[in-house]
Amino acid sequence: MPENPKSPGDLGKATEAVEDQYASLTYEQLVERLEELADNMSSGQLGIESATALYEEARTIHALAQARLDGVRKRIEKIDSQSALGEGTGGLP
């Protein structure tokens with residue numbers, strides 16, 4: 001987990017660190033981490049600073065997961081459009 005940022009400039013660095021940390025994870029692994037973060041935040045056992053850091057991490061992971069979904073959606077749309085035109089299927093309908 002990234003350190004608590006102390007200034008707005010540090011916030012960007014912390015976000016980049018989280019992105020780098022999770023860039024190689026699958027969509028399913030990202031969702032699993034989001035679930036862990038949600039459980040931790042809802043436990044009521046965290047102080048405000050810790051909860052804020054976890055929230056920040058969750059927002060970044062959510063954005064990464066959404067980007068993965070968007071990429072898959074575009075791939076599916078491309079496949080569907082090629083299939084509708086008869087491309088990429090060897091001429092099969």
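Here are the criteria: (1) loosely packed, with under 10 Cβ neighbours inside 10 Å; (2) modelled with pLDDT of 95 or more; (3) among the hydrophobic types (A, V, I, L, M, F, W, C). Tell me which single one A23 does not satisfy.
So the condition that A23 fails would be (2).
Which of the residues belonging to region 13-66 are more than 15 Å from the chain's Cα centre (by Cα), among the hydroxyl-bearing types (S, T, Y) and assigned to a loop (DSSP other than H, G, I, E, B)?
Across region 13-66, the qualifying residue is only S43.
Taking the stated definitions as given, is S42 touching a Ser or Thr at 6+ places or on another chain (Cβ under 9 Å) and at pLDDT below 95?
No; evaluated as a whole, the condition is false for this residue.
Within region 36-50, can one find any residue that is polar (S, T, N, Q), surrounded by 12 or more Cβ atoms within 10 Å (Cβ to Cβ) and either under 16 Å from E19 (Cα atoms) or touching a Lys or Arg at 6+ places or on another chain (Cβ under 8 Å) (or both)?
No, region 36-50 contains no residue that is polar (S, T, N, Q), surrounded by 12 or more Cβ atoms within 10 Å (Cβ to Cβ) and either under 16 Å from E19 (Cα atoms) or touching a Lys or Arg at 6+ places or on another chain (Cβ under 8 Å) (or both).
Take the residues in region 67-81 that are farther than 25 Å from E19 by Cα and of a type in the set (D, E, K, R); name whichever of them is nearest to the chain's Cα centre (by Cα).
The residue in question is E77.
The values are calculated or read from the model by the stated rules, or taken from the named source; none is laboratory data. Quick caveat: nothing in here was measured; it's all calculated off a predicted structure. Here Cβ is always computed from backbone atoms with ideal geometry, including for glycine, and neighbour counts include all displayed protein chains.
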